[in-house]
Amino acid sequence: MYSEDGIEIMAGETDLAELVRAMKPKMRQIELVFCTIPWKDLPEIPLDPLLLFKELEGVTMVMPKREAKSLGLPTETTWSWIELTVHSSLNAVGFLSIISKTLADAGISLNVISAYYHDHLFVPDDRAKEAIKVLEKLSKEGI
């Protein structure tokens, strides 16, 4: 299948065992924060966030910590970004449940964003190396 501009759109993996085996977690080398601003402030701030999500209460942004600090935005925890490099289908059932449970069993907090090609995990910066080890072990041992 192809998009209107001729880019091939490939179907993602749905087999749970294959997703876990092939997930190959990759750490992105950037400190990120989650922050929020009121709707009314959105057009006034020069932003280039990784993610911008509009909620009723305000706008949530995931952005480099350095950028948030330079804009004076309040931040709490610093997060590390782990990309699961397997091309997972948005229709895959149970994959993120396994990932979430595995990290929860290790006491690691998790925020997830699923995009078209990959799932992106955000874990507390001070637990990121441990999270990678836990995920690599899961991938090696399988389900």
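The values are calculated or read from the model by the stated rules, or taken from the named source; none is laboratory data. Because the structure is a prediction, the values reported are computed rather than measured. With ideal geometry, Cβ positions are generated from the backbone for all residues, glycine too; neighbour counts draw on all protein chains shown.
Restricting the search to the range 19-54, which residues are part of a strand (DSSP E or B), of a type outside the set (S, T, Y) and either without any contact (Cβ under 8 Å) to a residue 12 or more places away in the chain or closer than 16 Å to P74 by Cα (or both)?
Q29, E31, L32, V33, F34, C35, I37, L52, F53
Output the qualifying pairs, or none if there are none: Cβ atoms under 7 angstrom, residues six or more apart or on different chains, first residue in the range 93-112 and more than 17 Å from G12 (Cα to Cα), second residue modelled with pLDDT under 95 and not small (G, A, S).
I98/I143
Please name all residue pairs, on different chains or six or more residues apart, with Cβ atoms under 6 Å, provided the first residue is in the range 67-80 and is touching a residue at least 24 places away in the same chain (Cβ under 8 Å) and in a loop (DSSP other than H, G, I, E, B) and the second residue is among the β-branched types (V, I, T) and surrounded by 15 or more Cβ atoms within 10 Å (Cβ to Cβ).
Listed by first residue and then by second, the contacts come to T75/V33.
Mind checking whether some residue in the range 97-104 is under 20 Å from L121 (Cβ atoms), part of a loop (DSSP other than H, G, I, E, B) and not polar (S, T, N, Q)?
Filtering the range 97-104 for residues under 20 Å from L121 (Cβ atoms) gives 97-104.
Within this subset, residues satisfying the condition of being part of a loop (DSSP other than H, G, I, E, B) are none.
So far as the range 97-104 goes, no, none of its residues is under 20 Å from L121 (Cβ atoms), part of a loop (DSSP other than H, G, I, E, B) and not polar (S, T, N, Q).
Can you name the number of the only condition in (1) crowded, with 19+ Cβ neighbours inside 10 Å; (2) in contact with a Pro (Cβ under 8 Å, 6 or more places away or on another chain); (3) of a type in the set (A, V, I, L, M, F, W, C); (4) in contact (Cβ under 8 Å) with a residue 60 or more places away in the chain that M63 fails?
The failed condition is (4).
Working only within the range 70-96, note down all residues that are charged (D, E, K, R) and either touching a strand residue (DSSP E or B) at 6+ places or on another chain (Cβ under 6 Å) or surrounded by 15 or more Cβ atoms within 10 Å (Cβ to Cβ) (or both).
If the condition is that a residue be charged (D, E, K, R) and either touching a strand residue (DSSP E or B) at 6+ places or on another chain (Cβ under 6 Å) or surrounded by 15 or more Cβ atoms within 10 Å (Cβ to Cβ) (or both), then E83 is the only one that fits.
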